[in-house]
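Let me begin by presenting the structure, written as structure tokens, before commenting on it.
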Ligand code: GDP
């Protein structure tokens, strides 16, 4: 995960951590390297700028350089700020009077349908009774795909024979409610690009099912583009959190490190493979440790 970024940061911080004495020049040099590493990892320019400025100001301003373990302290500073950049501990989903509705949104190919099934499995393992509603009527194969995934993990999937996604979502929800399920995950249509029609449809589906959680699924492999998608969604559909997918691939890290700073919304889950149990609750602190080795 984020191998190149990880290697580069580890190299820089390794030197820093081993340094017997640190002066301002050494800090500046390390910060330049961190800046380059982040930019090459496709982290948003402004985010990089603020991050590096923040670390530098803290490193130079807190009497750190006078201490014996100055290098270690700066390394810790980078770790903590990196964790902070990716969020605070607000990765939990909201649950209300059952059934709690979770609306899954995102572009086609982001991993939305797979993630819906993964989330259902994750929630069942926590003792919930989840169901899946197919409201992605753009791609007929998507409904079959969801049914197939549901079968694999023995989670009910509700489909309605209609070309109206709002009706499919509303009816699916009603039936799931009738079956006594307490969490209903609604898989919505994605398109290749954010467009008005997609947003209108999503807004209507959202108004029909009144989700307590709206999750935006973003493909981490697309780097900064994922963050652009998040911004475009945010202008039309308020989402509560992000699921970053394909973190097992050679994603460079840009999306993971920028999305919280740009949208203010936390990453709640990370998807790390195609298998249905490859969904992890996102912990910024652990992710920072993973990146820094
Ligand atoms: P949707 O169009 O957004 O519903 O996307 P799908 O759920 O159909 O996923 C698109 C492709 O990405 C499928 O081949 C999935 O198996 C794959 N995929 C989804 N999540 C992950 C992931 O975390 N890692 C990897 N390697 N592949 C994933």
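Applying a 10 Å radius around every beta-carbon, put 74-86, 188-200 in order of their mean neighbour count, most first.
74-86, 188-200
According to the square roots a ≥ b ≥ c of the eigenvalues of the Cα gyration tensor, what is the shape class of segment 70-210, taking rounded for a/c under 1.5, prolate for a/b larger than b/c otherwise, and oblate for the remainder?
Prolate is the answer for segment 70-210, as a/c is 1.5 or above and a/b outweighs b/c.
State the dimensionless ratio Rg/Rh of segment 128-275 (Rg: radius of gyration of Cα atoms; Rh: Kirkwood radius).
Result: Rg/Rh = 0.96.
Compute and list, largest first, the equivalent-ellipsoid semi-axes of segment 212-293 from the alpha carbon gyration tensor, each √(5λ) rounded to a whole angstrom.
Each semi-axis is the square root of five times an eigenvalue, giving 19, 14, 12 Å.
Let me have the relative contact order for segment 156-293, percent, based on Cα pairs under 8 Å that are six or more residues apart.
Contact order relative to length: 17 percent.
Could you tell me the distance between the Cα centroids of segment 259-275 and segment 190-214, to the nearest Å?
Here the answer is 19 Å between Cα centres.
For Cα pairs less than 8 Å apart in space and 6+ apart in sequence, what is the mean separation divided by the residue count of the chain, i.e. the relative contact order in percent?
26
Let's test the formula: R0 of 45 Å, r as the Cβ-Cβ distance of residue 39 and residue 174. What FRET efficiency results, to the nearest 0.05?
0.35
Starting from the Cα gyration tensor of segment 18-64, take the square roots of the eigenvalues, sort them a ≥ b ≥ c, and report rounded, prolate or oblate (rounded when a/c is under 1.5, otherwise prolate if a/b is larger than b/c, else oblate).
Cα axes put segment 18-64 in the oblate bin.
Starting from the Cα of residue 4, move 7 Å in the Cα-to-Cβ direction to define the label point; list residues of segment 31-58 whose amide nitrogen is under 19 Å from there.
Residues passing the 19 Å test: 32-49.
Could you tell me the relative contact order of segment 130-205? Use alpha-carbon pairs under 8 Å, at least six residues apart, and round to a whole percent.
Over segment 130-205, the number comes to 41 percent.
Which percent of Cα pairs goes in each bin when the distances of the chain are cut into 10 angstrom slices starting at zero?
7, 28, 29, 18, 11, 6, 1, 0
List 153, 185, 291 from most exposed to least, where exposure is judged by having the fewest other Cβ atoms within 10 Å.
153, 291, 185
If the convex hull of the alpha-carbon atoms of segment 181-245 is projected onto planes in all directions, what is the mean projected area in square nanometres?
4.6
Evaluate the Debye formula for segment 59-135 with equal point scatterers sitting on the alpha carbons, no solvent, and hand back log10 of I(q)/I(0) at q = 0.15, 0.17 Å⁻¹, in q order, two decimals.
Relative scattering, expressed as log10 I(q)/I(0), comes to -0.70, -0.78.
Percent of Cα-Cα pairs per 10 Å bin, from 0 to the last occupied bin, for segment 1-159, please list those.
9, 28, 19, 17, 18, 9, 1
Bear in mind that the values in this text are calculations on the coordinates, not laboratory data. Small disclaimer: the values here were computed from a predicted structure and weren't measured. As a convention, Cβ positions derive from the backbone with ideal geometry for all residues, glycine included, and neighbour counts pool all protein chains shown.
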